[in-house]
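Contents: one structure, followed by commentary.
The values are calculated or read from the model by the stated rules, or taken from the named source; none is laboratory data. These figures come from a predicted structure and were not determined experimentally. Note: ideal-geometry Cβ built from the backbone for every residue, glycine included; neighbour counts use all protein chains shown. Only protein heavy atoms, including side chains, enter the accessible area calculation; ligands, DNA and RNA are left aside. Shrake-Rupley method; radii C 1.70, N 1.55, O 1.52, S 1.80 Å.
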Amino acid sequence: MFQRIGKQAFKKDLSNTLKLAEHLDHPENKFKSIHVAGTNGKGSVSHMLASVFQSAGYKTGLYTSPHLKDFRERIRINGKMIPERNVVDFIGKNQSFLEDNKLSFFEMSVGMAFHHFAEEGVDIAIIETGMGGRLDSTNIISPQLSVITNIGLDHTAFLGENLSEIAQEKAGIIKTNVPVVIGEKQKETETVFRKVSKNLNSNIFFAEDFKFQEYSTDLKGDYQKKNLRTVLTCIKVLRKNSWDIPEEALKNALNNVKLHTGLQGRWDIIRERPKIICDTAHNAEGLNLVMKQLKKESFLHLHIVLGVVNDKDLSKILPLFPKSAYFYFSKPNVPRGLDAEQLQAEASKYNLEGLVYNSIKDAFLAAEQEALDEDLIYVGGSNFTVAEVL
């Protein structure tokens, strides 16, 4: 599992996925879909889109990754997780094929999701890529719309060393004659997207080129403003392409994303006194936006429960954290979690001070005990850190 162990679980090749699709009688051709890629924001955009289609009365599939607490979070229909029985049955029926072909965890999960959506007859499925795009296991669908939220320097060992190389990988989800929405205009990536879409006769829409009325949403991170604009651009394009999405349904959907889809861990305020905020941002671009918002909060003291995985470039992310905070360092409970002593040593180079704890739970409990009602506790650095607190 890439989620747990890192790069040895990553396969840059679609041949296994195509074999599995054939074995399952091509479920990917039995439902309509929207394909979402991007460095940051793709999870939030996918959940927002799913909420919109649900509110408009469509039976809506949603495939996302990683999960926080329960594997079944990855595969939902109208917000409901795939039943345990279906997970067990899918593996049971296909076990010899999965083992003989040495399918990865992610490949199996994608096959299971597509099979579930086809069996249940969804009207539309929102499919989030795992990593990249071109060779991501999800990239066997022929969507109604492709969406690329933005490009940042994450997973550079797999996707490329600079923004234009990474953009080239993500642009792999753009399909012939299928429109594409790009969430953010970036100098290094715009030319890549324009060139690929032109070659494929795909109409390209940059969300930044559109102005929309104010819409409210229950997703409270400042960074959601960019994601919201991306979603509104998608809806504009989809309406032109005959999808019936009433205005009332759109407003209701955006104000009830968490309720409709079960989204967690995005500027997630889990208590008010002391205020506790969990956020899964884990790369420089994501953390930069979250730390800017954290600085706007009013509090007496700031406590940060921090745990990261071992493939992050700490020199890019640690300088973003406020030096005035007190840190509680710990290792997320996954094989690729970074040793807490190592994290503390690196953090001290940037004048970030705090103690090491045996587990994220211990670190969080210590922060709770130290914090006054007027203080703020921030939990983050990784999906896994947040998962252990929620």
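Within the range 17-102, the ratio Rg/Rh, alpha carbon atoms throughout and Rh by Kirkwood, equals 0.99. A crude spin-label estimate for the pair LYS187 and PHE210, with each label 7 Å from Cα along the Cβ direction, gives 2.7 nm. Mean residue ellipticity, 222 nm, helices only, the chain: the sum of -39500 (n - 2.57) across DSSP H runs of n ≥ 4, divided by residue count and rounded to 500, is -12000 deg cm²/dmol.
Rounded to the nearest 10 degrees, the angle from helix 84-100 to the longest Cα principal axis of the chain is 80 degrees. A protection proxy built from the mean count of other Cβ atoms within 10 Å ranks the segments 361-367, 178-184, 280-286, most packed first, as 178-184, 280-286, 361-367. Is the range 317-373 rounded, prolate or oblate when judged by the Cα gyration tensor, a ≥ b ≥ c being the square roots of its eigenvalues, rounded requiring a/c under 1.5 and prolate requiring a/b larger than b/c? Because a/c hits 1.5 or more and a/b fails to exceed b/c, the range 317-373 counts as oblate.
Hey, can you rank 171-177, 121-127 by average C-beta count inside 10 Å, highest first?
Listed from highest to lowest mean packing, they are 121-127, 171-177.
Note on the range 1-144: antiparallel DSSP beta bridges, both residues inside, total approximately 40 percent of the bridges counted. Taking the C-alpha atoms only, the angle from helix 42-55 to the longest principal axis of the chain is near 60 degrees. Within the full protein context, the accessible area of TRP243 is estimated at about 30 Å² for a probe radius of 1.4 Å.
Magnitude of the Cβ-charge dipole of the range 187-334, K/R +1 and D/E -1, about the Cα centre, nearest 20 debye?
220
Axis of helix 187-199 versus longest Cα principal axis of the chain: the two differ by about 10°, to the nearest ten degrees. Spin-label model, SER242/SER15: points 7 Å from Cα along the beta carbon direction are separated by 3.9 nm. Site pair LEU390 and ASP362 shows an inter-label distance of 2.5 nm when each label is modelled 7 Å from Cα along Cα→Cβ.
Entry comment: accessible area of the chain is 43 Å² per residue, from protein heavy atoms only and a probe of 1.4 Å.
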